[in-house]
1. Is it the case that Ala109 is farther than 23 Å from Leu158 by Cβ, assigned to a helix (DSSP H, G or I) and small (Gly, Ala, Ser)?
2. Restricting the search to region 57-88, which residues are among the hydrophobic types (A, V, I, L, M, F, W, C), over 15 Å from the mean Cα position of the chain (by Cα) and part of a loop (DSSP other than H, G, I, E, B)?
3. Is region 129-144 home to any residue that is surrounded by 14 or more Cβ atoms within 10 Å (Cβ to Cβ), among the β-branched types (Val, Ile, Thr) and either closer than 18 Å to Gly85 by Cβ or in contact with a helix residue (DSSP H, G or I) (Cβ under 6 Å, 6 or more places away or on another chain) (or both)?
4. Against the condition surrounded by fewer than 18 Cβ atoms within 10 Å (Cβ to Cβ), assigned to a helix (DSSP H, G or I) and of a type in the set (A, V, I, L, M, F, W, C), how does Ala50 come out, does it pass?
5. Could you tell me which of the residues Glu168, Glu137, Glu133 is of a type outside the set (A, V, I, L, M), closer than 25 Å to Pro32 by Cβ and touching a residue at least 12 places away in the same chain (Cβ under 8 Å)?
6. Filter region 65-77 down to residues that are in contact (Cβ under 8 Å) with a residue 40 or more places away in the chain and over 16 Å from Val150 (Cβ atoms) and give me whichever is surrounded by the fewest Cβ atoms within 10 Å (Cβ to Cβ).
7. Are any residues in region 71-87 in contact with a helix residue (DSSP H, G or I) (Cβ under 9 Å, 6 or more places away or on another chain) and over 24 Å from Arg159 (Cβ atoms), and if so, which ones?
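The values are calculated or read from the model by the stated rules, or taken from the named source; none is laboratory data. All figures in this text were calculated on a predicted structure; none of them were measured in a lab. Please note: Cβ atoms are built from the backbone with ideal geometry, for glycine as well, and neighbour counts cover all protein chains shown.
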Amino acid sequence: MASGAGRRFGGNKLLHPVDGVPMIERAMAAVPAELLDRACVVSCYPELLALAGERGYVPVPNPDAAQGQSASVRLGLAALADMDGVLFSVCDQPWLRRDSVERLLADFAAHPDAICALSWRGERGSPVVFPRELFPELLALTGDRGGGGVIRANAHRLRLVEASASMELQDVDRA
């Protein structure tokens, strides 16, 4: 999900470098398209969509980004509706690591009916993988809401997968 207006940051933060590398590049390195059967980037920014296409992601334009996270969730899910599960990841966690994402995906492969979320010391974070059975609940989201409500409504299905370090779950607005 790469459609945020960056209000707290003051603009399109995904092109901003962190340790010399733009955040969008860091996100694509942590969740590379080749890890998934199909991967997409949902964004309202043409430059991010072009980069996504170059890197093997399906670029999904988001003309409704002002509606908030739910628009990105619905558009991404529509592009991946035939999958057994969908991983949602934000692009403003610049310290997220590929090995943690690989462990998250492996956990979902072993538990395909579960919601699998990256965590640190028992605190749920992002990315999160949702099973197909929950797609209708995700598609029903509105406003600036992501999947947190779906997770709370299905807490009995949640599996936490420990990140390699706490900073992986830090978003750049709170770092």
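1. On the way: farther than 23 Å from Leu158 by Cβ: no; assigned to a helix (DSSP H, G or I): yes; small (Gly, Ala, Ser): yes.
The answer is no for Ala109.
2. Selection gives Ala81, Met83.
3. yes
4. Taking the combined requirement at face value, the residue satisfies it.
5. Result: Glu168 is the single residue among Glu168, Glu137, Glu133 that is of a type outside the set (A, V, I, L, M), closer than 25 Å to Pro32 by Cβ and touching a residue at least 12 places away in the same chain (Cβ under 8 Å).
6. Filtering region 65-77 for residues that are in contact (Cβ under 8 Å) with a residue 40 or more places away in the chain and over 16 Å from Val150 (Cβ atoms), the one surrounded by the fewest Cβ atoms within 10 Å (Cβ to Cβ) comes out as Ala66.
7. Matches in region 71-87: Ala71, Arg74, Ala78.
Here is a yes/no grid of residues against (1) of a type in the set (Asp, Glu); (2) modelled with pLDDT under 90; (3) in contact with an Asp or Glu (Cβ under 9 Å, 6 or more places away or on another chain):
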| site | (1), (2), (3) |
| --- | --- |
| Tyr45 | no, yes, no |
| Leu49 | no, no, no |
| Gly56 | no, no, yes |
| Val73 | no, yes, no |
| Ala78 | no, no, no |
